[in-house]
Amino acid sequence: MPTLLPILVYPHPNLRRVANPVQEVTPEVVTLVDNMIHTMYASNGIGLAAVQVDQPLRIIVLDVSEAKDSPHVFINPEIKIVGGKQTSEEGCLSVPGFFESVERAEVIRVLALDRDGSQFETEADGLKSICIQHEVDHLDGKVFVDYLSRLKQSRIRKKLLKTRAAA
Ligand code: GNR
Ligand code: NI
């Protein structure tokens, strides 16, 4: 049975940690991956980075399919920008209730290991490309609010600190 993992909420300091590469895809890593997929679906997210569940490892999961039946796992992902720009409204499970416009690369290539530890390379565009870039930012200690104005950042920080204090 998979476990629901608690998700860190901005501005939690651990969201700023730079995640370490996975040395080997052990059974413990596979368990973390499976719990992350479970937590992503349970939270109605299209992606989740290990940093968000307080594990500083370079692991992301995502499912941008309509049917929510295509989970993808990227361990030690490396992004190469192919080209283009796209702007869309982003949200984040670690920034609940806020949606803001962010510019990203349109087309990327990603080199990573899968859940079996096998290396693969894939190209992504559209929402999948956005989601991978958003997740890899988490692995580098970045959150999408970093791309917003200082004013918007401080409003979001204050609101979420207040909500946390009330919880
Ligand atoms: O669920 C999520 N939706 C989303 C929408 C637009 C751009 C990025 C995302 S990722 C987010 C889940 C999340 O916080 N992943 O880190
Ligand atoms: Ni996020």
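Read-outs throughout are calculated quantities, based only on the coordinates presented, and are distinct from any laboratory measurement. This is a predicted model, so every value here is computed, not measured. Here Cβ is always computed from backbone atoms with ideal geometry, including for glycine, and neighbour counts include all displayed protein chains.
Worth a mention:
- Working note: 222 nm ellipticity from helices only, DSSP H runs with n ≥ 4, each -39,500 (n - 2.57), summed and divided by the residues of the chain, gives -9500 deg cm²/dmol to the nearest 500.
- Ranked His38, His138, His72, criterion: other C-beta atoms within 10 Å, fewest first: His38, His72, His138
- Cβ-based charge dipole, the chain, positive-most Cα from His72, Val110, Phe99: Phe99
- Dipole moment magnitude, nearest 20 debye, segment 79-154 about Cα centre, only Lys, Arg, Asp, Glu C-beta charged: 200 debye
- Given their separation in residues at 0.36 nm each and the Cα-Cα distance between them, Lys85 and Asp114 gain 7.7 nm when the chain is fully extended.
- Taken one residue at a time, the phi angles of segment 102-115 give Karplus couplings (6.51, -1.76, 1.60, θ = phi - 60°) of 9, 8, 9, 5, 7, 10, 10, 10, 10, 10, 7, 9, 8, 4 Hz. Gly and Pro are set to x.
- Label zone (Leu151, point 7 Å along Cα-to-C-beta; backbone nitrogen cut-off 16 Å) within segment 85-114: 101.
- Candidates Lys85, Lys142, Lys128, ranked by Gaussian network fluctuation over the chain, Cα under 10 Å, top entry: Lys85
- Local net charge near Leu113, Cβ-Cβ under 13 Å (Lys/Arg +1, Asp/Glu -1): -3
- Local electrostatic count at Tyr41 - Lys and Arg +1, Asp and Glu -1, tallied over other residues with Cβ under 15 Å: -3
- For segment 100-149, convex hull of alpha carbons as volume per residue, Å³: 83 Å³
- Area projected by the alpha carbon convex hull of the chain, averaged over all directions, nm²: 9.7 nm²
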